[in-house]
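K.L.:
Before anything else, here's the structure in question.
Values in this text are rule-based calculations from the coordinates and carry no lab data. It should be emphasised that the depicted structure is a prediction, and the values quoted were computed from it without experimental measurement. Virtual Cβ from ideal backbone geometry, glycine too; neighbours counted across all protein chains shown.
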Amino acid sequence: MLSRQTRQTYTTLLDAACLQSGDAPVVTFVATDAEPIQWTRRDFAGRVRHAAGQLAQFGIQPRDLVIIAHTQHLESMVLFWAALYLGAIPSMFPTLTEKLDPDIYARNLSELVRLSEVKAVFAASEYADFLRGMLACSVYSDSDLLAAPSVDVQPYQAQPEDVAFLQHSSGTTGLQKGVALSHGAVLNQLASYSDAIQLNDRDVIVSWLPLYHDMGLIAGFLLPLVQGVPLVLMSPFDWVRHPALLLKAFAEHRGTLCWLPNFAYNHLANRVRERDSLGLDLSNIRAIINCSEPVRDDSHQRLVERFADNSLRPDMLAVSYAMAENTFAVTQTVPGHQPTIDRVDLAALQQQKRAIPVEAGVPQVSCGRVIAGSQVRVVDDDMQPLSERHVGHIQVRSDCMLTAYYKRPDLQPFSVDGWYQTGDRGYLAEGELYVIGRTKDLIINAGKNVYPQDVEAVINEIEGVHAGRAVAFGVPDEREGTELIAVVAEVDSDDAAEHKRIKREVRSQVGRATDVTISYVTLVERGWLIKTSSGKIARAANRDKWLSQQTVRSEG
Amino acid sequence: MDESTVRQQLRDFILEDLIRDPDYDLEDDEGIVSSGLIDSFSLAQIGVFAEETFGVYIPDPDLTVAKMDTLDLMVARILRDKK
């Protein structure tokens with residue numbers, strides 16, 4: 001297996017176990033309403049070579065960018081590896097769904113095609129014809145692939161520093177920054193991270209995470225396929241509606257590892273019905289790793305309490321701090337050991353930016369120590385390093401960093417001395433990292449990055465809302481274990497029916513444009529929103545104002 | 001428990017717990033999930049609510065957007081199995 005020790009024996013991702021021969025399982029796809037499908041290495045590698053030959057026939061060349069905008073299924077996994085095999089650059093992208101406005105989806109994808117010079121898009125058959133008419137590149141569907149002939153192709157002889165694939169964050173804003181990762185960087189990450197989680201040949205990874213998200217793509221897809229650790233995969237659409245599916249997969253396939261955003265702990269604890277979890281054995285689990293949104297101690301406790309009868313224990317819970325720009329993980333707690341809880345004085349944390357331990361303090365969950373090959377430092381506003389227990393900006397430097405933002409020479413990800421500014425705030429204590437907030441105006445809703453400006457842009461177009469007078473922000477929610485999205489918009493009318501219409505439009509149009517659900521819509525009179533001295537809407541200040549009024553209302 | 005009681009309890013739950021706006025003017029045949037009004041996690045929540053409140057267990061294959069997208073569909077599904 002790939003580890004820091006064996007790292008030199010791997011040159012590119014094409015040295016992956018999934019491309020070798022033999023009967024070892026690569027992936028088992030499970031679903032609520034269908035029998036599991038299992039592919040061995042022989043099945044998988046054969047399909048990858050066949051699909052690579054089809055891509056070559058389509059005229060796709062090494063270094064061409066291809067977008068895989070599919071439902072989560074086995075075919076999209078094959079396409080990703082086929083592109084790598086051919087030396088093309090794949091990038092996973094969310095599929096169009098019935099919920100989304102097709103024109104807005106196509107406009108976003110079209111912008112990506114133009115900016116990043118995309119050669120081809122692979123999409124579900126039901127949307128391929130529509131997209132073909134909208135995009136300035138080739139579009140291929142599942143049915144095109146079924147019918148297309150293949151030719152024999154040789155695996156591309158990539159150099160370790162060549163870009164292997166791109167990761168995109170969601171939304172209009174995220175699309176403009178394709179994180180380009182080299183073969184060498186990804187292999188470095190997989191080696192260091194495998195060591196950190198003590199990956200071994202008895203592990204089985206279970207995942208529902210979408211492959212267009214860094215956690216799903218790296219931990220829930222590339223890690224098992226490169227390492228030859230069996231993957232049990234399901235569709236995120238299926239899992240959110242039927243959360244017990246994940247637990248059944250653990251029990252039936254002796255799953256040992258899983259990565260979840262924090263909201264998923266609450267979702268499992270609150271929404272798996274008793275009879276659906278009865279008798280499911282979770283005792284094989286080594287680690288359920290909390291990652292990609294702020295970690296809440298109460299979410300961990302809920303999960304352990306709810307599934308104690310299924311043999312879930314607190315020492316099975318782990319935490320990682322990760323980001324696409326570092327390929328994936330920066331830190332990891334030790335599997336088999338409960339993450340450290342640091343109880344600190346809240347006033348000192350907020351006012352003096354110091355993490356002072358006090359017995360009855362607010363619990364901060366450790367993200368663990370930095371993994372091999374990566375470094376973390378915490379700096380003040382002048383970029384001067386801070387000592388332990390001082391809160392500041394988190395910066396990362398590593399051997400698994402992005403090469404660049406793809407075709408965006410204007411965006412420089414690193415400081416002059418090679419540090420990447422994460423946009424997160426936190427502190428170090430006894431060598432472990434604690435993340436306590438963000439400096440950027442990003443909302444993380446159910447593990448998904450939501451840029452408030454994308455939501456505001458939709459609301460500004462709604463009739464009755466003053467253009468430029470809407471604000472979106474995240475509100476932490478204890479029941480859901482994630483940030484819910486609130487919007488406040490200024491309107492002229494005080495007519496109740498008109499308010500109802502605007503609220504309805506806000507919810508439905510934001511949903512169709514961005515695939516996020518708005519939890520709170522508040523309409524206010526002109527002049528309510530606080531502006532900065534330069535005339536911009538101040539998101540944080542308006543969030544505080546909104547929150548204080550909510551408290552008054554619920555107390556009154 | 002008659003149809004109007006089931007409908008009222010479901011409506012209250014959807015408005016207060018899922019949409020989080022008691023004043024929202026929900027139509028009986030309005031697509032709740034397909035329109036983005038509530039997220040798809042909420043289907044699982046409706047499954048829990050139906051069991052706790054009405055004693056009706058809706059199996060996973062029936063907890064889909066196609067089968068549970070509107071108040072009308074939900075009410076009908078609950079009444080089908082309610083004694």
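K.L.:
In whole angstrom, how long is each semi-axis of the equivalent ellipsoid of the range A:278-335, when you take the square root of 5 times every eigenvalue of its Cα gyration tensor and sort them from largest down?
P.N.:
Output for the range A:278-335: semi-axes of 25, 12, 9 Å.
K.L.:
With 10 angstrom as the radius, rank A:130, A:307 by how many other C-beta atoms surround their C-beta, starting from the fewest.
P.N.:
Taking fewest neighbouring Cβ atoms as first place, the list is A:130, A:307.
K.L.:
Can you tell me the mean projection area, over all orientations, of the convex hull of the range A:157-213's alpha carbons? Units nm², please.
P.N.:
With the hull built on Cα positions only, its mean projection is 5.6 nm².
K.L.:
Quick one: dipole size for the protein assembly as shown, taken about the Cα centre, charges +1 on Lys/Arg Cβ and -1 on Asp/Glu Cβ, in debye to the nearest 20.
P.N.:
1400 debye
K.L.:
Give, rounded to the nearest 20 debye, the magnitude of the charge dipole that the range A:121-233 has about its Cα centre when Lys and Arg contribute +1 at Cβ and Asp and Glu contribute -1 at Cβ.
P.N.:
Approximately 220 debye in magnitude.
K.L.:
Taking neighbour Cβ counts within 10 Å as the exposure measure, how do A:407, A:99, A:119 sort from fewest upward?
P.N.:
Ranked by crowding around the Cβ, least crowded first: A:407, A:99, A:119.
K.L.:
Once phi is turned into ³J(HN,Hα) by the Karplus curve 6.51 cos²θ - 1.76 cosθ + 1.60 with θ = phi - 60°, what whole-Hz value does each residue of the range B:46-56 show in order, with x for glycine and proline?
P.N.:
My calculation for the range B:46-56 gives 5, x, 5, 4, 4, 6, 5, 8, 10, x, 10 Hz in order.
K.L.:
Per 5 Å bin, what percent of the C-alpha pairs of the range A:216-280 does each bin hold, from zero upward?
P.N.:
Reading the bins upward from 0: 3, 15, 26, 27, 17, 8, 3, 0.
K.L.:
Say each of residue A:1 and residue A:278 gets a label point 7 Å from the Cα, pointing the same way as Cα to Cβ; how far apart are those two points in nm?
P.N.:
3.7 nm
K.L.:
Using the Karplus equation 6.51 cos²θ - 1.76 cosθ + 1.60 (θ = phi - 60°), what ³J(HN,Hα) coupling, rounded to whole Hz, does each residue of the range A:62-77 give in order, writing x for Gly and Pro?
P.N.:
x, 6, 6, 8, 10, 9, 10, 10, 10, 4, 6, 8, 5, 4, 5, 5
K.L.:
If we count every other residue with Cβ under 14 angstrom of residue A:187's Cβ, Lys/Arg +1 and Asp/Glu -1, where does the sum land?
P.N.:
Net of charged neighbours comes to -3.
K.L.:
Evaluate the Debye formula for the range A:1-45 with equal point scatterers sitting on the alpha carbons, no solvent, and hand back log10 of I(q)/I(0) at q = 0.33 Å⁻¹, in q order, two decimals.
P.N.:
For the range A:1-45 at q = 0.33 Å⁻¹, log10 I(q)/I(0) is -1.06.
K.L.:
Where the convex hull is taken over the Cα atoms of the range A:340-438, what is its projected area averaged over directions, in nm²?
P.N.:
7.0 nm²
K.L.:
Using helices alone, what [θ] at 222 nm do you get for the protein assembly as shown, with -39,500 (n - 2.57) per DSSP H run of 4 or more residues, divided over all residues and rounded to the nearest 500?
P.N.:
The helix contribution divided over the protein assembly as shown gives -9500 deg cm²/dmol.
K.L.:
Here is a further query. GluC sites (Glu not before Pro), restricted to the range B:24-83: which are DSSP loop and have at most 14 other Cβ atoms within 10 Å?
P.N.:
B:27
K.L.:
Considering only DSSP beta bridges with both partners in the range A:435-556, what is the antiparallel share in %, to the nearest 5?
P.N.:
70 percent
K.L.:
Mind sorting A:195, A:315, A:238 by how few other Cβ atoms lie within 10 Å of their own Cβ, fewest first?
P.N.:
A:315, A:195, A:238
K.L.:
May I pose another question? Enumerate by residue number the GluC sites (Glu not before Pro) in the range A:270-359 meeting two conditions: DSSP loop (anything except H, G, I, E, B), and at most 14 other Cβ atoms within 10 Å of the site's Cβ.
P.N.:
A:359
K.L.:
Another question, if that's okay. Using square roots of five times the C-alpha gyration tensor eigenvalues, list the equivalent-ellipsoid semi-axes of the range B:3-81 in whole Å, biggest first.
P.N.:
Rounded to whole Å, the semi-axes are 17, 14, 12.
K.L.:
Based solely on C-alpha atoms, express the radius of gyration and the Dmax of the range A:309-369 in angstrom.
P.N.:
14.5, 44
K.L.:
Report, please, the projected area of the protein assembly as shown averaged over directions, based on the convex hull of its C-alpha atoms, in nm².
P.N.:
29.1 nm²
K.L.:
Now for a different question. Of all alpha-carbon pairs in the range A:245-387, indicate the percentage at a distance above 17 angstrom.
P.N.:
Considering the range A:245-387, 66 percent of its Cα-Cα pairs are separated by more than 17 Å.
K.L.:
Sticking with this one: Taking θ as phi - 60°, what are the ³J(HN,Hα) couplings along the range A:347-355 by the Karplus curve (6.51, -1.76, 1.60), each to the nearest whole Hz, with x for Gly and Pro?
P.N.:
Going residue by residue, I get 5, 5, 5, 7, 8, 9, 6, 10, 9 Hz, with x marking Gly and Pro.
K.L.:
For q = 0.25, 0.33 Å⁻¹, what log10 I(q)/I(0) does the range A:70-111 give under the Debye formula with an equal point scatterer on each alpha carbon and no solvent?
P.N.:
Computed log10 I(q)/I(0) values: -0.88, -1.06.
K.L.:
Hey, got the average number of other protein chain Cβ atoms within 10 angstrom for residues in A:273-282?
P.N.:
Per residue, the number of nearby Cβ atoms from other chains is 2 on average.
K.L.:
Here is the link list: A:177/A:248; A:407/A:531; A:119/A:536; A:99/A:177. Which ones come out longer than 32 Å on Cα distance?
P.N.:
A:177/A:248; A:407/A:531; A:119/A:536
K.L.:
Once amide H atoms are placed 1.01 Å from N in the peptide plane, what residues at a sequence separation of 5 or more from residue A:482, or on another chain, have their amide H within under 5 Å of its amide H?
P.N.:
A:477
K.L.:
Which GluC sites (Glu not before Pro) in the range A:104-133 sit in a loop by DSSP (not H, G, I, E or B) and have at most 16 other Cβ atoms within 10 Å of their own Cβ?
P.N.:
A:117
K.L.:
Provide the FRET efficiency to the nearest 0.05 for the residue A:103-residue A:143 pair, computing r from the beta carbons and using R0 = 25 Å.
P.N.:
Once rounded, the FRET efficiency stands at 0.60.
K.L.:
So, one more: To the nearest 0.05, what FRET efficiency results for residue A:173 and residue B:29 with a Förster distance of 35 Å applied to their C-beta separation?
P.N.:
0.50
K.L.:
Along each of the three principal axes of the Cα atoms of the range A:443-555, give the extent in whole Å, ordering the values from largest to smallest.
P.N.:
35, 32, 31
K.L.:
Continuing with this model, one more query. Taking the Cα centre of each part, how many Å lie between the range A:48-121 and the range A:413-431?
P.N.:
Centre-to-centre distance over Cα atoms comes out at 33 Å.
K.L.:
For residue A:68, which sequence-distant residues (separation of 5 or more, or a different chain) have an amide H within less than 5 Å of its own amide H, given hydrogens modelled in the peptide plane?
P.N.:
A:91, A:92, A:93, A:122
K.L.:
Need one value for A:238-244: mean number of C-beta atoms belonging to other chains within 10 Å of its residues' C-beta atoms.
P.N.:
Per-residue shielding by partner chains comes out at 6.
K.L.:
What FRET efficiency, computed as 1/(1 + (r/R0)^6) with R0 = 25 Å and r the Cβ-Cβ distance, is obtained for residue A:524 and residue A:453, rounded to the nearest 0.05?
P.N.:
The pair residue A:524/residue A:453 has a calculated efficiency of 0.80.
K.L.:
Pull up all non-local amide H partners of residue A:87: gap of 5 or more, or a different chain, and H-to-H distance under 5 Å with H placed in the peptide plane.
P.N.:
A:156
K.L.:
Sticking with this one: When all C-alpha to C-alpha distances in the range A:49-149 are sorted into bins of 5 Å, what percent of pairs does each bin hold, rounded to whole numbers?
P.N.:
3, 14, 27, 27, 19, 8, 2, 0
K.L.:
Moving to a separate point now. Counting only DSSP beta bridges with both residues in the protein assembly as shown, what percent are antiparallel, rounded to the nearest 5?
P.N.:
Once the DSSP bridges in the protein assembly as shown are tallied, antiparallel ones form about 60 percent.
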